[in-house]
Amino acid sequence: MTDKTDGPVLVLLGGGGDLSLRMLLPSLYNLDADRLLPGDLRVIAVARHPMEGEAAFAALVHEALTRRAKIDEAVWRRFAARLTYLAADMTTAEGADDLAKAVGGHEQLAIFFAVSPSLFAPICAALGEAGLTGPKTRLVLEKPVGRDLESSRAINAAVASVVSEDQTFRIDHYLGKETVQNLAALRFANVLFEPLWTNQTIDHVQITVAETDGVGDRWPYYDEYGALRDMVQNHMLQLLCLVAMEPPSGFDPDAVRSEKVKVLRSLRPFTAATAEANSVRGQYGAGVVEGRAAKAYAEEVGRATGAETFVALKTQIDNWRWAGVPFFLRTGKRLPERRTTIVIQFKCVPYSIFTGPAQDDLTANRLVIDLQPDEDIELLLMNKRPDMADEGMRLQPLPLSLSLQRSYAGAGGRRRIAYERLLLDVFRGDRTLFVRRDEVEQAWTYVDGVARAWDEAGVKPQPYLAGAWGPDTAQGLIGAGRRWHV
Ligand code: BG6
């Protein structure tokens, strides 16, 4: 352990949990390897259960790191020297006092809440009592902030009672992904797209976040939330906002976040009358994913349950730019491939000068932005087919492609974990990639409306086979003359 006591301190609440071991500690290790961590940073992992000394925790972290990637033992020694483990119940005054003692003097304190949202409010109160929420403190809240608008407001109020909004960093790890940030660059650093980014030229937008994994051990959390609250309320609405927002006055926290809130406010609410036609809920049954047999969701949970593991929504943004352009959102577990893709489907040319077979060849332009696992941008453009057939000129769509992997390969770029960027921004105090209070509450307002409409209209999850693209009705949702890109 380092003997410095007055430098920056990062506290990981839920320090022995899944998020910490799989994402946060590996991110910190990677930042340390790249010498991007503040030199004297100390990391205190807090969890309720006691460990047999610091060494046992260090061994757990070492194992988690090596499971992920090969590690450099010299970097590990430097990193391990920063780590401390504290067994404490942070909802209690004693726990918070123990933490205050462990933190000691510090020039900056970041406290990361990697625990259940039901603990956010009591922990805030205990931290406040223990004097840990002064002006040098930043609170970092992992999603979900609440389960609905009401619980989200209660958490936000508890946080606001101990620190200011400027000290609050609400995480949506999608915003830390390089490719997601690239959406802003694509739109606002090129002159080409913005004039076309309207209902004059765009027919519809598709946003798909497909996962092959099932829910596994996370079912107690997931079963209470379902795909709508787990993915749509945060990651998918954030992607929608980045595609749909107006150009902000600058790339600074408040300008960007204010534009995103305007989009969220313009989302047309679901009602019982529109719910059935504009959404599909699904739950996976047993099947085969990537060649391997997969259990049904209900079997993982151990009983029949009403949570959806798939959701597709047809959303409308009621503003001048997007009136009449549906945004189709689709996400699910146990789908055939892991893939996050945004598709901007343009309209057809207003009039075809081509006749004969070439007229049938005409396809509308399509911009496909793959965010993961591949990072590619592809613009499908119509071209003449290079032949001299008797039937006259023929056309074909060809991609203009930008492979981000290839472009970055020379720069020695490894793919960063999204949390690396976000943790660095916490240390630097940059809130651009974090979700503001009104943003998270507006997203809940929309999602609560969908959940309420489902309840009132009796929309229940339909079964789909693990390894399929959700229930068959998901194909129908997108409507005649349109099809999902994948
Ligand atoms: C999390 C959800 O926020 O995002 C998970 O709780 C989901 O259910 C995960 O699997 C997906 O993140 P990524 O970065 O793997 O696309």
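The values are calculated or read from the model by the stated rules, or taken from the named source; none is laboratory data. Note that this is a predicted model, so its numbers are computed, not measured. Note that each Cβ is placed from the backbone with ideal geometry, even for glycine, and that neighbours are counted across all protein chains shown. All accessible areas refer to the heavy atoms of the entire protein, side chains included, with ligands and DNA or RNA removed. Shrake-Rupley method; radii C 1.70, N 1.55, O 1.52, S 1.80 Å.
Details
- I123 vs. criteria open to solvent by less than 30 Å² (accessible area, probe 1.4 Å), closer than 20 Å to Q233 by Cα, assigned to a helix (DSSP H, G or I) and more than 16 Å from the ligand (Cβ to nearest atom): no
- Selection status of T305, under 30 Å from Y221 (Cα atoms), more than 19 Å from the chain's Cα centre (by Cα) and touching a residue at least 12 places away in the same chain (Cβ under 8 Å): yes
- Strands (runs of 3 or more DSSP E) (entirely within the range 194-296) containing at least 3 residues that are away from the ligand (no atom under 16 Å from the Cβ): 202-210, 279-285
- Residue check for L41: under 25 Å from the mean Cα position of the chain (by Cα), open to solvent by less than 40 Å² (accessible area, probe 1.4 Å) and either at negative phi or among the charged types (D, E, K, R) (or both): no
- The set of residues in the range 373-396 that are surrounded by 12 or more Cβ atoms within 10 Å (Cβ to Cβ) and over 22 Å from C348 (Cβ atoms) comprises D374, E375, D376.
- Among the residues examined, A55 does not qualify as in a helix (DSSP H, G or I), modelled with pLDDT of 95 or more, out of contact with any Pro (no Cβ under 6 Å at 6 or more places or on another chain) and of a type outside the set (F, W, Y).
- For L400, the conditions (1) in contact with a Lys or Arg (Cβ under 9 Å, 6 or more places away or on another chain); (2) hydrophobic (A, V, I, L, M, F, W, C); (3) surrounded by fewer than 14 Cβ atoms within 10 Å (Cβ to Cβ) all hold with the exception of (1).
- Selection within the range 232-261: residues that are of a type in the set (A, V, I, L, M, F, W, C) and more than 15 Å from the chain's Cα centre (by Cα). The member of this set that is farthest from A307 (Cα to Cα) is F251.
- Residue satisfying all of: in the range 337-360; assigned to a loop (DSSP other than H, G, I, E, B) and within 16 Å of the ligand (Cβ to nearest atom); least open to solvent (accessible area, probe 1.4 Å) among these: E337
- Elements of type strands (runs of 3 or more DSSP E) in the range 362-481, at least 1 residues being under 19 Å from the mean Cα position of the chain (by Cα) and at pLDDT 95 or above: 366-372
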